[in-house]
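Taking it in order: structure first as structure tokens, then the write-up.
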Amino acid sequence: MSRIATRRQWKRGLIGGATAIIALVVAGPFVFIHFIEGKPPAPLSLTTQTTTPFASSGAQATTTTRATSLAGSTVDGTWKVTTGSSAGYRVKETLFGQSTTAVGRTSTLTGSMTIRGTQVTGGDFSVDMTTVTSGQSQRDSQFHGRIMDTATYPTATFALAHPIELGKLPSAGTTVTETVTGELKLHGVTKTITFQLQARQGATIAVSGSIPIVFSEYGIRNPSGGPATTGSSGTLEFLLNFSHA
């Protein structure tokens, strides 16, 4: 074989290899995001199932909030966070030009609220941040390590700052929207926030909401790392089921 022919084959092989590498870099993230990781779970709300899709056992825990009547009983008293509750984060992410949404959740929550007449006189909940998982080990390692440092800041908490005046008690199955103010403690930083939540009374009282989080305001490092980049903010979302204590 002549030197010229050998050189031509070598060049073809080099070009083919480079083309394969480029295709892998471009197509790899698309395949991972759309076929391996799959669609992110829907935002937590009263109209979706409460989900903890990334349980360590690999099994999905799902419950549906049912708008059944509490006829004959009073809503006065203390209500405790019960099964079917979930909380976590939602952050838009870009991987090699492909857009996706990173979601992590946990069902390890505690909390309570107190109702007197037509007022919610108090309420709080706490999230065990050490149990938040996304189903992706590398992402979870970054979340629990350099981003949220859950060993140092293992819990996130929220507590109402003022009572919620309902005006009148809604009937079973009716969804109400209220603006609330409270103290959110996240990553060791406490801030007063105001946001809207939705609530519905059924066999339990279900409450959902989402809170915009600007990372720098809580001393949280930007989650960007390696080929993945994010913006400067994300969302803390929750769906709480309360049962009468």
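Coordinate-derived values only; no laboratory data. The shown structure was predicted, so the numbers you read here are calculated from the model rather than taken from an experiment. In this analysis, Cβ positions are derived from the backbone assuming ideal geometry, glycine residues included, and neighbour counts consider all displayed protein chains.
What to note about this one:
- Counting neighbouring beta carbons within 10 Å and listing from fewest to most, the residues THR174, THR101 come out as THR174, THR101.
- The packing ranking, built from the mean of other Cβ atoms within 10 Å per residue, places the peptides 159-171, 125-137, 109-121 in the order 125-137, 109-121, 159-171, highest first.
- Length released on extending from LEU169 to LYS39, taking residue separation times 0.36 nm less the Cα-Cα span: 43.0 nm
- Per-selection Rg to Rh, the stretch 148-245 - Cα, Kirkwood hydrodynamic radius: 1.05
- Multiplying the residue separation of ALA159 and HIS244 by 0.36 nm and subtracting their alpha-carbon distance yields 28.7 nm.
- For LYS39, a cut-off of 15 angstrom between C-alpha atoms picks up these aspartates and glutamates, skipping any fewer than 8 places away in its own chain: GLU93.
- Paramagnetic reach from ARG116 (point 7 Å along Cα→Cβ, amide N under 19 Å) across the stretch 191-205: none
- Added length on full extension, which subtracts the Cα-Cα distance from 0.36 nm per residue, SER232 to THR194: 11.7 nm
- Here is the tail figure for the stretch 100-217: Cα pairs spaced more than 22 Å apart come to 41 percent of all pairs.
- Rounded to two decimals, the Cα radius of gyration of the stretch 77-145 over 2.2 N^0.38 Å is 1.50.
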